[in-house]
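Some notes on the structure that comes next.
The values are calculated or read from the model by the stated rules, or taken from the named source; none is laboratory data. These numbers were taken from a predicted model, which means no experiment stands behind them. Cβ: placed from backbone, ideal geometry, glycine included. Neighbour counts: every protein chain shown. Side chains are part of the model used for accessible areas, which takes the heavy atoms of the whole protein and leaves out ligands, DNA and RNA. Shrake-Rupley method; radii C 1.70, N 1.55, O 1.52, S 1.80 Å.
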Amino acid sequence: MPKEYSSKFKTEVIRRYQSGEPILALSQELRIAQSTIYHWRKEYCSIKTANRTYTPKEFDALSRRLEKLEHEMEIIQQSGYIANVPLQEKLSVLESIYRQPGNTCSVHELCEALDVARVTFYNYIFRRADHSKREEAQVELMRLVQQVFDDSSQRFGAEKIRVTLAESGVRVGTKRIAAIMQELGLQSIRPDAKKQYKKQQYKKQNLLDRQFTADHPDLIWVSDITYFKVNDYWMYLCIILDLFSRKIVGYRVSRNASTNLVTSTFRIAFRERGNPSGLTFHSDRGKQYTSAAFTALLQKCEVKQSFSATARPHDNAVAETFFASFKKEEAYRREYTSEQSYRKSVEQYIRFYNELRPHRTLKYKTPQAFEEAYQERL
């Protein structure tokens, strides 16, 4: 029968881990399996952000709230309600918020929320009779900058726009034009366009080429999303698998297959695995993985991104195989009565897969045992 440990004992072990003691050393000293301490880490480790520190329970609640808000925004966007609101009504609402004392929302945020062009908003508020001539001049200058920019087929930067305006008798500084361009969201051709082009081409490369092996943990991760119907709605499961040990190092369940499902799964896995360096992340070309938000996150973490070729599921065969095993060995054998029962089933199966299920590729060791054996050799 497994030994029971008190919450106080678990908390003390995790406190020592957070103070810098390795899990391997704690496991050997206390005669506790490393997998058990890893599980306690998920349960008791605090999660630090730029603003505050969360308990795992608080962080989960915050993640659920964010997921709910994203779902609500998707409903609003899909309803088409905002698109049907008359422009004058939108502008009136935006102006009332913009002029509220203590308003902290930028013009960019306000206009994006109601899908209104910033130049349209500025024209609306600056052309009213109670505004100064300078504000009217600013609106006119914004119109001219937009016109020159469009006439150049979005090629001209601030300096070329300044020269063009000067030729027509409008004298204005480059810095002011640059500020207007930033406000209007105008971006000319970049000096490093060739570099960015090559970067984009490289970004879509398949760096694995179906070579599903790694020399050590946290060298190559593969990821995918699957879905399963529970009652009358779909549940989405995102997993991240380490190719070295075939261990699931991160997963998350959601009602929405949004970009946040992928980014949050990666953030948690990346943090729990100690922010590994030299990592390659492989996936298919789903919109969640090719999104600007996820790509920027990987670049920030200095992670190389690899993609399967279009319509080539075998390029991500390891992740596909895990999902096939999960459905055959778990999901198709259950009758889920609620979202909670599905979530619990996923959690239990992944624990079983990592810690108890022998893997043929690993010479019939479990992913957890295979990884621990590697750590012991070190």
Using Cα centres only, tell me the gap between the range 57-125 and the range 1-29 in whole Å. 47 Å
Over 26 Å between Cα atoms: which of K42/K68; K10/K300; K90/K160; K10/K304; K287/K363 fall into that group? K10/K300; K90/K160; K10/K304; K287/K363
Per-residue accessible area, 1.4 Å probe, largest first, puts V163, V85, V139 in the order V163, V85, V139
Give me the percent relative contact order of the range 255-341, please, defined on Cα pairs under 8 angstrom at least 6 residues apart. 26 percent
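Could you work out the relative contact order of the range 142-295, using alpha carbon pairs under 8 angstrom and six or more residues apart, expressed as a whole percent?
It comes to 16 percent, rounded to a whole number.
Given 0.36 nm per residue, what is the gain on full extension from L219 to R334 after removing their alpha carbon distance, in nm? Show your work: numbers first, answer last.
Working: separation 115, 0.36 × 115 = 41.40 nm, distance 3.47 nm.
Separation in residues times 0.36 nm, less the Cα-Cα distance, equals 37.9 nm.
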Would you mind checking which residues have amide H under 5 Å from V230's amide H? H placed 1.01 Å from N; only 5 or more apart, or other chain. M235
For the chain, set up a GNM with springs between Cα atoms under 10 Å and report which of T259, T164, T104 has the largest fluctuation. T104
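For S283, S168, what's the largest-to-smallest order of accessible area, 1.4 Å probe? Walk me through the intermediate numbers first.
Values: S283 0, S168 85 Å².
Largest to smallest exposure gives the sequence S168, S283.
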Rounded to a whole number, the Stokes-Einstein D of the chain in µm²/s (Kirkwood radius over Cα pairs; 10 °C; 1.306 mPa s) is 64 µm²/s
Along Cα→Cβ, 7 Å out, is where each label goes; now give me the distance between the ones at R52 and Q205 in nm to one decimal. 4.5 nm
Give me the net charge of S27's neighbourhood, meaning all other residues with Cβ under 11 Å from the Cβ of S27; Lys, Arg count +1, Asp, Glu -1. -3
Distance between modelled label sites at K8 and N275, nm, 7 Å Cα→Cβ extension: 3.5 nm
In Å³ and rounded to a whole number, note down the convex hull volume per residue for the Cα atoms of the range 272-378. 158 Å³
Descending packing, highest mean Cβ count within 10 Å first, for 301-311, 247-257 is 247-257, 301-311
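Please give the peptides 360-367, 95-102 ranked by average Cβ packing (other Cβ atoms within 10 Å per residue), highest first, as a rough proxy for protection.
Values: 360-367: 15.2, 95-102: 10.0.
Ranked by mean Cβ neighbours within 10 Å, highest first: 360-367, 95-102.
Would you mind putting 119-125, 346-352, 6-12 in packing order, based on average other-beta-carbon counts within 10 Å, highest first?
Working: 119-125: 17.3, 346-352: 15.6, 6-12: 11.7.
So the peptides 119-125, 346-352, 6-12, ranked by packing, come out 119-125, 346-352, 6-12.
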Proximal charge balance of C238 [Cβ under 11 Å; K/R count +1, D/E count -1]: 0
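Could you tell me the relative contact order of the chain? Use alpha-carbon pairs under 8 Å, at least six residues apart, and round to a whole percent.
Working: 396 pairs, mean separation 37.7, N = 378.
Relative contact order here is 10 percent.
Could you check how much of the accessible area of the range 196-313 is carbon and sulfur, as a whole percent, using a 1.4 Å probe? Before the final figure, lay out the partial values.
Details: 2590 of 5440 Å².
The value for the range 196-313 is 48 percent carbon and sulfur by accessible area.
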Among V318, Y81, Q28, whose Cα lies farthest out toward the positive end of the dipole of the chain, if unit charges sit on the beta carbon of Lys, Arg (+1) and Asp, Glu (-1)? Q28
